[in-house]
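Only the coordinates and a few stated rules stand behind these numbers; no lab work does. Worth saying up front: this structure is predicted, and the values here are computed from it rather than measured. FYI the Cβ positions are ideal-geometry reconstructions off the backbone, even for glycines, and counts take in every protein chain you see.
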Ligand SMILES: [Zn+2]
């Protein structure tokens, strides 16, 4: 949930014998140096423009424990994804945020395309057509989920924004591997459609977190004070988000 970093002006890859490999990104918005770790970019050091590069190796050295712990988590995630068969299609969807459990039925027909029909009253999705085309089925299921998120998550954001009186400019639903949400300096919020799989109070926390970034574009003490005003249990919930990827179904990963 790091604030978005469209204003990054350069990235450099660094290799040092004793240190884990990392990239350095100079951000004209960053006030402090920060570290992040993700499957997409690996270890990244984000530094303000005027930061002295020579201090970075020492910083990495100091943060080694944190880096090792989080690298372990990432590897766990990868192992978990590999242990699940991503080629299998799901027969149900547990959309915790909506407290809905959808059943999925696949109906093979002579048609070359794929059709999705929903029966809301019994929470059932019927996918018909060339259902042997797993790739196509996944594509349409994901599309269905994105649309659902656009309705549900966006209207929830609107409600929460009103309740805590923190307005935003726009909201976009996206598909990201490791980010639950982000907020730009222009108060444009992006949210991951996979939030549909998380508990409602966790989703609300993500929304509160991003809305508080409309006031503070960092994770300063002031920022967390503002978050705690709207969600006093933010620490536990934020921690639980690290584990939350485990309940996002593996078939959604490319
Ligand atoms: Zn954040």
Quiz prompt | For region 157-227 versus region 105-139, the gap between their alpha-carbon centres in whole angstrom | solution = 33
Quiz prompt | Distance in nm between pseudo-label sites at residue 179 and residue 159 (7 Å out along the Cβ direction from Cα) | solution = 2.6
Self-check item: Approximate spin-label separation residue 101-residue 123, in nm, with each point projected 7 Å along Cα-to-Cβ
Solution: 0.7
Self-check item: Pairwise label distance in nanometres, residue 33 with residue 246, each label 7 Å out on the Cα-Cβ vector
Solution: 3.4
Self-check item: Degrees between helix 221-230 axis and first principal axis of the chain (Cα, 0 to 90, nearest 10)
Solution: 30
Quiz item: For the chain, what is the percent of antiparallel DSSP beta bridges, rounded to the nearest 5?
Solution: 60
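Rg over Rh of region 79-213, using C-alpha atoms and the Kirkwood radius, what does it come to?
Values: Rg = 16.8 Å, Rh = 16.3 Å.
Rg/Rh: 1.03.
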Self-check item: Most to least packed among 184-192, 105-113, 147-155, 57-65 [average Cβ atoms within 10 Å]
Solution: 184-192, 147-155, 57-65, 105-113
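Over the chain, what is the mean sequence separation of C-alpha contacts under 8 Å (at least six apart), divided by residue count, expressed as relative contact order in percent?
Details: 375 pairs, mean separation 41.7, N = 254.
After rounding, I find 16 percent.
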Quiz prompt | Projected-area average for the chain over all orientations - Cα convex hull basis, square nanometres | solution = 15.5
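Please work out how much length the chain gains when fully extended from residue 80 to residue 116, using 0.36 nm per residue of separation minus the C-alpha to C-alpha distance, in nm with one decimal. The partial results should precede the final answer.
On the way: separation 36, 0.36 × 36 = 12.96 nm, distance 2.91 nm.
Going from the current span to full extension adds 10.1 nm.
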Quiz item: Going by alpha carbons, how many degrees (0 to 90, nearest 10) lie between the helix axis of 134-164 and the longest principal axis of the chain?
Solution: 60
Exercise. Just check region 147-207 against the gyration tensor rule for me: Cα atoms, a ≥ b ≥ c as the square roots of the eigenvalues, rounded for a/c under 1.5, and otherwise prolate or oblate depending on whether a/b exceeds b/c.
Key: oblate
Quiz item: How much mean residue ellipticity at 222 nm does the chain get from its helices, if each DSSP H run of length 4 or more adds -39500 (n - 2.57) and you divide by all residues, to the nearest 500 deg cm²/dmol?
Solution: -12000 deg cm²/dmol
